[in-house]
Every structure is written in C-alpha cells, then in structure tokens.
Amino acid sequence: MKYYVTADVHGYFTELKTALAEQGFFEDTEPHKLVILGDLYDRGTEALQLQAFILDLLSNDQVILIRGNHEDLTLDLLHNWNRKSYLQRHHHLNGTVDTVCQLTGFSEREVFTQPDEVGKAFLQNPLIQTVIPAMADYFETEHYIFVHGWIPCTLISLNSTEKEYVSIPDWRNASKDFWDKARWINGVEAAHNGIVEPGKTILCGHWHCSFGHAHYEHSGSEFEYDANFAPYRADGIIALDACTALSGKINCIVIED
C-alpha cells in the first residue's frame, strides 16, 4: 500500500492541498491512503474546508487519522464547557475556541454571550461525532509506526535542563494516561535518547522539524530566517511537523509498505 503521510495540518487546508498535489496524491490511480499524524485544527482559517475534505476521505476509506494533543484539547474544552472552559486563556491561545467558531458559525463574542447554544452546536459537529472517534493512538505497518508525539514512555526531569526517557514494556497496550502524555512528547528528543522500536521507523508530528535540524545536525536555527522545516530523518525516526504557521508549508512524504 502507498501512504501519503503528513502531520499537524492545523486548519491550513490550502497548504495541505498544495503538499498533496506536489506529491501526486490527487492523480494517483493506484491504491493509496492519506495518513495524518494528528492536530487537524487550531491555527489556520480553513477548518470548514478541511473538515469537508476529511469527511469525504473517511467515507471512501482513504484516510488514516492519528489523534493529536490538539484533539485532546478539543475534548477537554467540550467536556468542561459547563464549567466555562471557553473562558480559559490556553483554549484561546491554542486556537481551540477559534476552531469552535469556524465549525459552528458562531462568533467569539457569541461563545461568551450564548455559551449553551454554541456548546450544543459544537457537540453535534462532525469533528466530535465522526472525526475524532475515527482517530487511533497509532497505526502500524511492517516497517513503520505512525504516531503524533511519540510512542508511550516515561519522561523524568532530572533538573531544569536534563531529562531521562525510559521505555515501557508493551507500549502498544499502554494505558490511556500514557497515550495522553505521549501525544505531548518531543519525538525527536525521545528518539535521540534511545526510545525507538527496533526494526521500525517511527513517523511523528507535534514537534517542529527545525528542532532536529538545529540541535542534532547544527543546520540552521529553530525559528529564525535560517530555520529548516523540511522533514527530519535520523535512525528510527521521521519527523514531519513543518510549523506551518511560521513556514507557510506542510510536509508530505510518500512511503510504500
């Protein structure tokens, strides 16, 4: 099977279409699927167009969706709506409330003045009813593992700058708590600290590719003019988050397995 793999679309539908077109996704007549490594929304302005595209792919069994930390933020916002989670600053900074507005048609002002109506509309939205329920913690083929942040492991802070990553047995069957935490892990850092899967390559999103290029290849900075947001590859890892809000592009690679 041929897989077109991308990550961290964050509502940038135009950039996603461009990346897929450049790789030949729309003209491909052979069996193929799109794999999105989490974080569908919460930054760009094209949530509705992106959602229509995702729903069409789901109806035709052409997409594999991995759950990201921004999907967790979305459910946290919804589950705590009656406790006025929409007032919390981090839900605005992360773009979650903006996504609610885009998908429901309500304004941000109406979120505050008509919270019950907005909450009910959001609860019935396809993102909640169809898209997030279709997401998996991970997907695996013979040679690849697809996740958002990284595979579950234990992260220990030794001091203000040093961390220790400890593998856990049978990570595939890790508890929900472990998977929730794994979606926030810097996969590039984890891979360089020995958290890999022998004989496999792990594809991940979540953490900007420029981190790997800057810290482990000494190629450019993380966020300045010389930042390298191209896919980062090292032993056991391919990282794909292009930090689209800054770079203006989305990474997409094609693999067969």
Residue match in the range 171-178 (condition: closer than 23 Å to Arg67 by Cα, buried (at least 24 other Cβ atoms within 10 Å of the Cβ) and without any contact (Cβ under 8 Å) to a residue 40 or more places away in the chain): no
Which listed residue is without any contact (Cβ under 8 Å) to a residue 12 or more places away in the chain and either under 20 Å from the mean Cα position of the chain (by Cα) or surrounded by fewer than 19 Cβ atoms within 10 Å (Cβ to Cβ) (or both), from Leu93, Leu87, Leu77: Leu93
Filtered residue count, the range 122-166, keeping only those that are within 28 Å of Glu110 (Cβ to Cβ) and among the charged types (D, E, K, R): 0
Scan of the range 188-206 for residues that are farther than 13 Å from Asn251 by Cα and either buried (at least 24 other Cβ atoms within 10 Å of the Cβ) or aliphatic (A, V, I, L, M) (or both), ordered by number: Val188, Ala190, Ala191, Ile195, Val196, Ile202
Residue count, the range 15-48 (criterion: touching a helix residue (DSSP H, G or I) at 6+ places or on another chain (Cβ under 8 Å), surrounded by fewer than 17 Cβ atoms within 10 Å (Cβ to Cβ) and touching a residue at least 12 places away in the same chain (Cβ under 8 Å)): 2
Residues within the range 60-108 that are under 16 Å from Gly38 (Cβ atoms), part of a helix (DSSP H, G or I) and among the β-branched types (Val, Ile, Thr), tallied: 3
Qualifying positions in the range 115-136 - within 12 Å of Glu71 (Cα to Cα) and assigned to a helix (DSSP H, G or I): Leu127, Ile128, Val131, Ile132, Pro133, Ala134
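Here's the yes/no breakdown for (1) modelled with pLDDT of 95 or more; (2) of a type outside the set (Lys, Arg); (3) assigned to a loop (DSSP other than H, G, I, E, B); (4) more than 28 Å from Ile185 (Cβ to Cβ):
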{"position": "Thr14", "(1), (2), (3), (4)": "yes, yes, no, yes"}
{"position": "Ala19", "(1), (2), (3), (4)": "yes, yes, no, no"}
{"position": "Asp42", "(1), (2), (3), (4)": "yes, yes, yes, no"}
{"position": "Gln49", "(1), (2), (3), (4)": "yes, yes, no, yes"}
{"position": "Leu58", "(1), (2), (3), (4)": "yes, yes, no, no"}
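The values are calculated or read from the model by the stated rules, or taken from the named source; none is laboratory data. A quick note: this is a predicted structure, and the numbers were derived from the prediction, not measured. Cβ atoms come from the backbone with ideal geometry, glycine included; neighbour counts cover every protein chain shown.
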